[in-house]
Amino acid sequence: MSDSSPDAPANVLVTPDGSRTALNARFGEAYGSRHGAASQARHVFVEGTGTHEHPAPRVLEVGFGVGVNARATLARCAARGVPLEYHAFEFDPAPRALLRDVARGGDAEDHPAWRALLDAWPESGGGSGEIEVTAGGATLRVTFADVLTADLPAGWATALYLDGFSPSRNPDVWTPAFTARLAHTLAPGGVLGTYSAAGHVRRSLEAAGLRVDRRPGAPGKRECVRAVREG
């Protein structure tokens, strides 16, 4: 379970590993795991895709949310001294203050790329267009657009973080048609990671030509999935 903290705004949740997430009113869910937001980011996405070992990762993220996955990735790459290219899509950007509140005391809170991103972020959230910043060996790019209709980079990503809201709340990003589009963004050997191990999600990824493996889940989940573009 997760609880609010006296120093956290009402919609910010402090999770059992000490990291923070927030509630999203549109979907009625938290942006990250209530059982450990940073733990999920590291286990499912950073480690699940092999980004923690890649010499120069290029990460594509579906659902930037409040930036927990981006910061976990920044922190790991900075600790190893490797460059990072990170491109996320976000349909409904949260206010700048919420990103700052969720990051407080967490991974990469003081990384220069994260600070530069916050400085460029729309103060009240929302909006369209794109932000791109480069600092501290990392390039962060966030496209404010509906990923379902956006142009996606072909054969670019060494890792793809599929972190939309749950299939029951946000079914469109888990369909066979969209996962087929996502598969084309992966470079050969690229890996997609997601917290959902639902049968229809696995079947969609397999139909897209990816090799699907189930892994032990992060806290609160029995399983998660990695899917590899072979060849």
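The values are calculated or read from the model by the stated rules, or taken from the named source; none is laboratory data. Please read these numbers as outputs of a predicted model, since none were measured by experiment. Quick note on the areas: whole protein, heavy atoms, side chains included, nothing else; ligands and nucleic acids left out. Shrake-Rupley method; radii C 1.70, N 1.55, O 1.52, S 1.80 Å.
Things to note:
- Surface accessible to a 1.4 Å probe, per residue, for the residues of the chain, Å²: 42
- Taking all protein chains together and rolling a 1.4 Å probe, Leu152 ends up with roughly 40 Å² accessible.
- For the chain, the relative contact order works out to 18 percent when only alpha carbon pairs closer than 8 Å and six or more residues apart are counted.
- Fraction of accessible area attributable to carbon and sulfur, the chain (%, probe 1.4 Å): 49
- Stokes-Einstein diffusion for the chain, with the hydrodynamic radius set to the Kirkwood value over Cα pairs and evaluated at 10 °C in a medium of 1.306 mPa s, equals 91 µm²/s.
- The listed residues Phe64, Phe27, once ranked by accessible area (1.4 Å probe) with the largest placed first, stand as Phe27, Phe64.
- Take Arg115: with every protein chain present and a 1.4 Å probe, its accessible area is about 110 Å².
- Mean ellipticity per residue at 222 nm, deg cm²/dmol - from DSSP H runs of n ≥ 4 across the chain, formula -39500 (n - 2.57): -6000 deg cm²/dmol
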